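Working notes for the structure below.
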Amino acid sequence: MAPALVAERLVRMLARGDQQFFVADADGDVAGWVHVAIMEFIETGPFAVIGGLVVDRRHRKKRIGRLLMNSAEIWAREHGCSIVRLWSSAFRAESHRFYEHLGYVNIKTQYSFVKALDPSGEDAIRGFVPRVHP
């Protein structure tokens, strides 16, 4: 993707109060980033969505992904969200294990993960899929 296009999108997204990016720095290099946004559906109310999580291969297994996800979860909670959702391609088994280790639960065969951020989130999860038992 062209850097100018990425810059244009970032400027537009960061101007909104319902989206945030967190970047991990490792001695001046970008080690990773996470994009979190707030969404709202009629049947669920507001929730946070992880739009993307990337950790540079050279920096994996150093807790950077965990720290980025934690930052996104804190931001989501501060913005009134009791749930964080994310989607991950079926072939990314290692990523699935990572999300599950963080407490996310696979709620659909499309590998859609969800995590309650507080007690009200446990009930809200049922709004996504009625038979979920986190």
Legend entry - strands (runs of 3 or more DSSP E) (entirely within the range 1-84) containing at least 1 residues that are free of Cβ contacts under 8 Å to residues at least 12 places away in the same chain and not aromatic (Phe, Trp, Tyr): 19-26, 29-41
Legend entry - Pair list, Cβ < 6 Å and 6+ apart or interchain, from the range 108-129 residues that are under 10 Å from Thr44 (Cα atoms) to residues that are surrounded by fewer than 15 Cβ atoms within 10 Å (Cβ to Cβ) and modelled with pLDDT of 75 or more: Gly127/Glu43
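Would you pick out the residues in the range 36-61 that are closer than 11 Å to Ala76 by Cα, surrounded by 16 or more Cβ atoms within 10 Å (Cβ to Cβ) and not small (Gly, Ala, Ser)? Can you show your working first?
Applying the first criterion (closer than 11 Å to Ala76 by Cα) to the range 36-61 yields 36-39, 46-50.
If we keep only those that are surrounded by 16 or more Cβ atoms within 10 Å (Cβ to Cβ) as well, we get 36-38, 46-50.
Residues satisfying the conditions are Val36, Ile38, Pro46, Phe47, Val49, Ile50.
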Inset, instruction - Output the residue which, of all residues in the range 85-102 that are among the charged types (D, E, K, R) and without any contact (Cβ under 8 Å) to a residue 40 or more places away in the chain, is nearest to Ala116 (Cα to Cα). - result: Glu100
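The values are calculated or read from the model by the stated rules, or taken from the named source; none is laboratory data. All of these numbers come straight from a predicted model, not from anything done at the bench. Glycine also receives a Cβ, built like all others from the backbone with ideal geometry; neighbour counts cover every protein chain displayed.
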